[in-house]
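Trainee: Below you will find the structure I want to go over with you.
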Amino acid sequence: MNVPGQADLEQALQLGTQMLGAAREGDWKAVAGLRPEYDALLRQGAPAKDIARSTLLEVQQQHQQLVELTARARDSIAGQLEQQRRNHRALNAYLLPCDED
């Protein structure tokens, strides 16, 4: 497996910071736009001796935070959709008897 070099990890770390900021603001379009370059940097091959363990751990922590923010956003959206469905059903239940008159 190819392991990213230090320079690639530093760039990925910077992109990850931007992605986290965008995710915290709910700008998922920006997160998705940065993702291809981020992924490409992480896939660049370099000898393992060039890697700083601390940088790799930071990238891993950022990724975990992004996963958690994405899950929270997904759950929030799912809750909002369910509330909209309930509101729609309630409105239909209210309006349908009125239509029969």
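The values are calculated or read from the model by the stated rules, or taken from the named source; none is laboratory data. What you see is a predicted model; the values in this text were computed from it and never measured. Every residue, glycine among them, receives a Cβ derived from its backbone with ideal geometry; neighbour counts consider all protein chains shown. These area figures cover heavy atoms from the full protein model, side chains too; ligands, DNA and RNA do not enter into them. Shrake-Rupley method; radii C 1.70, N 1.55, O 1.52, S 1.80 Å.
Trainee: How much space per residue, in cubic angstrom, does the convex hull of the C-alpha atoms of the chain take up? Walk me through the intermediate numbers first.
Mentor: On the way: hull volume 10.9 nm³, N = 101.
Each residue corresponds to 108 Å³ of Cα convex hull volume.
Trainee: If I compute solvent accessible area with a 1.4 Å probe over the protein chains, what percent of it on the chain is carbon and sulfur?
Mentor: Details: 3910 of 7310 Å².
That fraction is 54 percent.
Trainee: Among 10-21, 60-71, what's the highest-first ranking by average C-beta atoms within 10 angstrom per residue? Before the final figure, lay out the partial values.
Mentor: Working: 10-21: 17.9, 60-71: 13.8.
In descending order of packing, they fall as 10-21, 60-71.
Trainee: Still on this structure: Can you list the DSSP H helices in the chain whose Cα atoms extend at least 18 Å along the helix axis and whose mean Kyte-Doolittle hydropathy is -0.5 or higher? List each step's numbers first, then the result.
Mentor: Numbers: long enough: 6-24 (26 Å, -0.14); 28-43 (22 Å, -0.19); 53-99 (68 Å, -0.80).
Helices meeting the span and hydropathy rule in the chain are 6-24, 28-43.
Trainee: Run the helix sum for the chain: -39,500 (n - 2.57) per DSSP H stretch of 4+ residues, divided by residue count, reported at 222 nm to the nearest 500 deg cm²/dmol. Intermediate values should be presented prior to the final figure.
Mentor: Working: 3 runs with 82 residues, N = 101.
-29000 deg cm²/dmol, from helical runs alone.
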